Amino acid sequence: MTNFQCQINYQCPMTNWHFGKSSVPMVSKIEPLGIGKLEINLKLVIGYLTLACFLLCCSTAAAEDWKELKGEHFIVYYLDDREFASDVMTRAEQYYNTVASDLGYSRYDSFWQWDKRVKIYIYRTAEEFRKAAGISKEWPVGMARYKEKEIISYKWSAGFVESLLPHEITHLVFRDFVGDKNNIPLWLEEGVAVREEEGRRPGDIELVKKLVREKSYIAIELLTKMDIRNEPNAEAARKFYAEAVSIVNFLMEKYGVSRFTLFCRQLRDGRSIDEAISSVYTGYMGNMGDLEKRWVEYYEGEGVKWEN
Ligand SMILES: [Zn+2]
């Protein structure tokens, strides 16, 4: 994603949309999307990338065309490039370990083994992928489905393994942890996913520092209400994702990963975001307004560092 930093807004909104009809072997049925179904979109024409959650509904490849590689936590299905598929498998297994560790989830290992392995489908071309997904738009580059634990895309080189893969694996790991609760702010979910993309965070943090300096950031309360799925403004979308990752980054760096894990657990257990903040960050902040103050202070400060 580093190469896209300056020109692309990266979105992966939750959605209830679904497309097309199933005509294919790889997907068993059509059903409305749950909150964890994700799609990644690349809008080259206006230079921004959009991730959203969609339904996989059909395929152009016959079942017998698919070849598979089986790993400990993933099964990679590919059509023509074993080397690329093998690289995807290697990187996916690496991300599996780093993502769970980064999010503070211990004893996670058994979740994705055997019949619970995540399936990754790699189409040969963008056109083939879009046709398979029944998407008429020109810019989608991938999608994932939480409940089915599937990631679907096509070969787009480094962007696939460095950006799409860690992003979507993080969504799946995160949703494994918090379940399908609807009280999870989208900025939190996207923030953790974007944070795992390779090379992306520094650019987002720099943008947030600039927004904070110029006082042109989106207030966190407003951020929490934003429906990024329908956001037509590319600049607003860019801010949304940059702020999302910076808030997650701030919480982890300033107050520690274990407290952040606890915060997510509170949301998983049905607490509101203000309740979760006040119970986990007692003495530091008590609601979203306080969170915004502390977050702004953090990025106003000189020498803010991040780990990558
Ligand atoms: Zn996403």
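Just so it is clear, none of the values below were taken in a lab; they were calculated from the coordinates. Keep in mind that what you see is a predicted model, and the values were worked out from it rather than measured. A quick note on method: Cβ atoms are made from the backbone with ideal geometry, for glycine too, and the neighbour counts reach across all protein chains shown.
Descriptive notes on the structure:
- Å³ per residue enclosed by the Cα convex hull of region 111-209: 130 Å³
- When the trypsin sites (Lys or Arg not before Pro) in region 87-127 are filtered for DSSP coil states and for at most 10 other beta-carbon atoms within 10 Å of their beta-carbon, the remaining sites are 107.
- Unit Cα scatterers, Debye sum, region 195-256: log10 I(q)/I(0) for q = 0.16 Å⁻¹: -0.51
- The alpha-carbon of residue 254 sits under 15 angstrom from the alpha-carbons of these aspartates and glutamates, leaving out residues fewer than 8 places away in its chain: 102, 290, 292, 297, 300, 302, 307.
- Taking 15 Å as the straight-line reach from the Cα of residue 131, the aspartates and glutamates in range (excluding those fewer than 8 positions away in the same chain) are 39.
- Cα gyration tensor category, rounded, prolate or oblate, for region 165-222 with a/c compared to 1.5: oblate
- Across 147/239; 149/293; 149/225; 116/239, pairs whose alpha-carbon gap is larger than 32 Å: 149/293; 116/239
- Where only C-alpha atoms are counted, convex hull volume of region 186-300 per residue in Å³: 99 Å³
- When peptides 243-253, 192-202, 262-272 are sorted by average Cβ neighbour count within 10 Å, with the highest value leading, the order is 243-253, 192-202, 262-272.
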